[in-house]
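What follows is a set of notes on a single structure, which appears directly below.
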Amino acid sequence: MTTELAPGPGRELTPGARPPGRTPGRIAFRLAVPPVSGVLSPRLLGVCAVLAAATFAVFWVGISVGDISLPLPDVLRALAGTGDPGTRLIVHELRLPRAVAGLLVGIAFGVSGALLQTMTLNPLASPDMMGITQGAGTAVVASIVLGWDFGAGAQFMGLLGALAAAFLVYVLAWKRGTTGYRIVLVGVGVAWICTSATDYLMAHGRQFEAQAALGWLVGNLNGRTWQQIAPLALTLGVLLPAALLLGRQMRTLQLGDDVARGLGTRVQAVRIAVLVCSVGLVAFGTATAGPVAFVALAAPQIAQRLAGTAFPPPVASGLAGAFVVLLSDLAARKLIPGTELPVGIVTGVLGAPVLLWLLVRANRAGSGG
């Protein structure tokens, strides 16, 4: 049954066009000014709202909880620039940068994983399964152990390593074009190459350098500063809109390369654009907090199943990633009294069962080899 929407201001119907309507779980719309049309999913909008509210709640709890617990009113006064000077110092210099770093890193990893899983049509595709995160990690460890930062810092080296790993994956997977299946298989091999290179650098570094690299490699939000967060925030401001604009082209890829070309999609150009967006997000996220395990793999799958969509929705995936990282960081601080675990350890413990579940589902569906 279709319920037609009456025309209204800014929603005039064009001559000969069918009026926008409602189908189960979807609402189609067309605007005359600006000339925009599309389909809305009430369930997806509701999931985004719930994830945003949950992320907001965990964000504020993370700021108020610590060795010194702060009531929420004191946190709000400190953010407003009033209240006790000691509270302002704790909030502005210690807890707020950590919470913002977790929020932005989670969004970056979640959206990056959603892009790759949609492009490859494979729920197991994620930056940390395809060598992109490992490439960024190898480059950052090289900058720590060998001093190869060229004066540009960890963010530049992370981006350089991730781009190099992605380029290597794409070139090795090329055979009169690329497919998502070949990209994933080649990516697994590149991931192990980068992991071996990182282990070699760790073994040949001095003790202090190796300890610094090890603390970063497990994924850690402790001690984050505004200077480390700024490049990631700028990257999100540029690449998130680009990822959303690629949404329509990515959906045509799900129909197969031949059908996508018939619909006017430049298949290889879209794949390269998606790969660049994904690499940029995960590179700056990894440079900020280290390779936080399994977030890019699990967050898109959580969002997809909550929203009931055919592919991981980018916005919901980013919110799910932020929620997972912030909740894991809160658990890492409170799980063992007197001990603060790196956030990557908690996400690894939570993400490993998700990976096993996805492998079992892929095997039952006949696509797991």
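The values are calculated or read from the model by the stated rules, or taken from the named source; none is laboratory data. Here the structure is a predicted model, which is why all the values come from computation and not from measurement. Reconstructed Cβ throughout: ideal geometry from the backbone, glycine too, with neighbour counts over all protein chains shown. Just the protein is used for accessible areas: all its heavy atoms, side chains included, with ligands, DNA and RNA removed. Shrake-Rupley method; radii C 1.70, N 1.55, O 1.52, S 1.80 Å.
Listed here are the residues, each with its yes/no results for (1) over 19 Å from V61 (Cβ atoms); (2) within 20 Å of the chain's Cα centre (by Cα); (3) of a type in the set (A, V, I, L, M).
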{"residue": "P71", "(1), (2), (3)": "no, no, no"}
{"residue": "L94", "(1), (2), (3)": "no, no, yes"}
{"residue": "G102", "(1), (2), (3)": "no, yes, no"}
{"residue": "V105", "(1), (2), (3)": "no, yes, yes"}
{"residue": "V111", "(1), (2), (3)": "yes, yes, yes"}
{"residue": "M129", "(1), (2), (3)": "yes, yes, yes"}
{"residue": "G137", "(1), (2), (3)": "yes, yes, no"}
{"residue": "S143", "(1), (2), (3)": "yes, no, no"}
*Some residue of segment 46-62 being closer than 30 Å to V343 by Cα, modelled with pLDDT of 75 or more and in contact with a Ser or Thr (Cβ under 7 Å, 6 or more places away or on another chain)*: no
*Enumeration of residues in segment 51-73 that are among the aliphatic types (A, V, I, L, M) and either part of a helix (DSSP H, G or I) or within 16 Å of G223 (Cα to Cα) (or both)*: L51, A52, A53, A54, A57, V58, V61, I63, V65, L72
*Test for G135: is it at pLDDT 85 or above, farther than 15 Å from L281 by Cβ and crowded, with 24+ Cβ neighbours inside 10 Å*: no
*asked:* Return the residues of segment 291-312 that are crowded, with 24+ Cβ neighbours inside 10 Å and not small (G, A, S); say none if nothing qualifies.
replied: P291, V292, F294, V295, L297, P300, P312
*Filter segment 55-89 down to residues that are among the β-branched types (V, I, T) and open to solvent by 30 Å² or more (accessible area, probe 1.4 Å) and give me whichever is farthest from A331 (Cα to Cα).*
T82
*Among A52, A101, which is the only one that is within 24 Å of L239 (Cβ to Cβ) and open to solvent by 20 Å² or more (accessible area, probe 1.4 Å)?*
A52
*Wholly within segment 153-247, helices (runs of 4 or more DSSP H) carrying at least 1 residues that are crowded, with 21+ Cβ neighbours inside 10 Å and of a type in the set (D, E, K, R)*: none
*asked:* Yes or no: segment 318-339 includes at least one residue that is open to solvent by 10 Å² or more (accessible area, probe 1.4 Å) and within 13 Å of G113 (Cα to Cα).
replied: yes
*Would you pick out the residues in segment 263-283 that are crowded, with 19+ Cβ neighbours inside 10 Å and within 14 Å of F167 (Cα to Cα)?*
R271, A273, V274, L275, C277, S278, V279, G280, A283
*Taking T265 as the residue in question, decide whether it is among the β-branched types (V, I, T) and modelled with pLDDT under 85.*
yes
